[in-house]
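Report on the following structure.
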Amino acid sequence: MVKSAIIGLDTKGHCDIIDITPKVEQQLVESDINSGIVTVFVTGSTAGLTTIEYEPGLISDLKEMWRRLVPENIPYNHDRAWGDGNGYSHIRASLLGASLVIPFNQKKLSLGTWQQIVVLCHDNRPRKRKVVVQLLGTS
Amino acid sequence: MVKSAIIGLDTKGHCDIIDITPKVEQQLVESDINSGIVTVFVTGSTAGLTTIEYEPGLISDLKEMWRRLVPENIPYNHDRAWGDGNGYSHIRASLLGASLVIPFNQKKLSLGTWQQIVVLCHDNRPRKRKVVVQLLGTS
Amino acid sequence: MVKSAIIGLDTKGHCDIIDITPKVEQQLVESDINSGIVTVFVTGSTAGLTTIEYEPGLISDLKEMWRRLVPENIPYNHDRAWGDGNGYSHIRASLLGASLVIPFNQKKLSLGTWQQIVVLCHDNRPRKRKVVVQLLGTS
């Protein structure tokens, strides 16, 4: 069985990090699927997905990591060609990855207690985002 | 239902970045599966997969990011032991990851308009690559 | 069909890297599923998963990469708030990712000969880990 939904998000950009765990769990609860996997996928090329313990210290630490590894203020060829100033956003998104797959059994996601599903919006402006949540499995 | 195919690629190495989106879409079109996920997986330990807006500026920016984060010209214990000079290739591949999962519905991948599926060949020489494209879902 | 198992691991922390390929293959051999995907997912927020050629040189090179990209000895807000000194562990885990999906056909994983599935424990102390191995596919 397959069940698919789209979560709409208003993201602020600048490494906005949003916990979507409750929305993913809601899809699972409302479905007829009991065991399988949920694939979470963010459409677009300036956002990514991962898991983290969602607390303010780590959220700021993760933003700091991105500033260090893929800085905003170095030259990008994308910006020279297109002038939209978000070359760093695309590169961060490509390194992190747009998809995440989480198994579940008896309606329970395999997440740890301090492990949340987060969307990272790396763009340099607010965006309307679509996150696909697709359940695949058996009743 | 499961349908699996292997895409063969001749990669040049040195962070060769190849857009395989049309080949993945072709597998989907030719299958009897309408909704589900496609798992793309690159066999071997010196290549990886992600999504990016496939335009020349970003392709060069992504190569530059790899040069910065996992440089070619620092010492690697792999090279000391095996002498093949591609320690950096393996490390880049492990950081990026070998698999990518994309949901589709009614034969349409959940990719954005400017979001392509790319294989990154990090090796230091041309290679023959196998990329597995596996569809899993329902008609 | 869905078949799920939990692999228990005693990890040492400090970027302990453990080859779990034989355990994943064992789940596949013992199941009634012949073609499909295996989702490997590590529960908790200080560990991650990837593939690598499992040889001592690369294992030490990968540890060195983590020391360089996400150092232990820089300030983390997580540590200021919680005092457990493992801010770097969480950030490394979020960058690497907690899930890995590998297709298989006729009971054979699509891994290369020199490509193993590894769990990275980034924590700063020994841990008991749960790794979910879930098979999804057809007989």
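Can you pull the one-decimal nm distance between simple spin-label points at C:Lys107 and B:Gln106, each 7 Å off the Cα toward Cβ?
Label at C:Lys107, label at B:Gln106, 4.2 nm between them.
Taking a label point 7 Å from Cα toward Cβ, how far is A:Lys63 from its twins in the other copies, in nm, shortest first?
Reported distances to equivalent positions: 3.4, 3.4 nm.
Mind checking the mean number of beta-carbon atoms from other chains within 10 Å of the Cβ atoms in C:46-58?
What the average comes to for C:46-58 is 6.
Would you mind getting me the FRET efficiency between B:Ile6 and B:Asp84? Use the beta-carbon distance for r and R0 = 41 Å, nearest 0.05.
Efficiency computed from Cβ-Cβ geometry: 0.95.
Output the 0 to 90 degree angle, nearest 10, between the alpha-carbon long axis of helix C:87-96 and the longest principal axis computed from the alpha carbons of chain C.
For helix C:87-96, the angle is close to 30 degrees.
To the nearest 10 degrees, how steep is helix B:56-69 against the longest Cα principal axis of chain B, on a 0 to 90 scale?
50 degrees
What's the FRET efficiency of C:Gln26 with B:Lys128 using the Cβ-Cβ distance as r and R₀ = 25 Å, to the nearest 0.05?
E(calc), rounded to 0.05, equals 0.25.
Whenever you get a sec, compute what percent of the accessible area on chain A sits on carbon and sulfur atoms (1.4 Å probe).
Working: 2730 of 5330 Å².
In chain A, the share of accessible area belonging to carbon and sulfur is 51 percent.
Considering all projection directions equally, how large on average is the shadow of the alpha-carbon convex hull of the range B:13-138, in square nanometres?
Averaged projected area of the range B:13-138's Cα convex hull equals 8.0 nm².
Given the convex hull of the Cα atoms of the protein assembly as shown, what is a quarter of its surface area in nm²?
It is 18.1 nm².
Could you name the residue in chain A with the C-beta closest to the rotation axis that superposes chain A on chain C, along with the separation in whole Å?
Closest to the axis: A:Val101, 3.
Which aspartates and glutamates have a Cα less than 12 Å from the Cα of B:Lys108, not counting those fewer than 8 places away in the same chain?
B:Glu25
For a bin width of 10 Å, list the pair-distance distribution of the range A:81-139 built from all Cα-Cα distances, rounded to whole %.
Here the calculated profile for the range A:81-139 is 15, 40, 28, 13, 4, 0.
Averaged across A:31-41, how many Cβ atoms of other chains sit within 10 Å of each residue's Cβ atom?
5
Please report, in whole Å³, the volume per residue of the convex hull around the C-alpha atoms of the range B:35-104.
Details: hull volume 6.7 nm³, N = 70.
Convex hull of Cα atoms, per residue: 95 Å³.
Put the label 7 Å from Cα along Cα→Cβ for C:Gly83; what are its distances to the other copies, in nanometres, shortest first?
The projected label point of C:Gly83 is separated from its counterparts by 5.5, 5.5 nm.
The values are calculated or read from the model by the stated rules, or taken from the named source; none is laboratory data. It should be emphasised that the depicted structure is a prediction, and the values quoted were computed from it without experimental measurement. Note that we place each Cβ from the backbone using ideal geometry, even for glycine, and neighbour counts take in every protein chain shown. Only protein heavy atoms, including side chains, enter the accessible area calculation; ligands, DNA and RNA are left aside. Shrake-Rupley method; radii C 1.70, N 1.55, O 1.52, S 1.80 Å.
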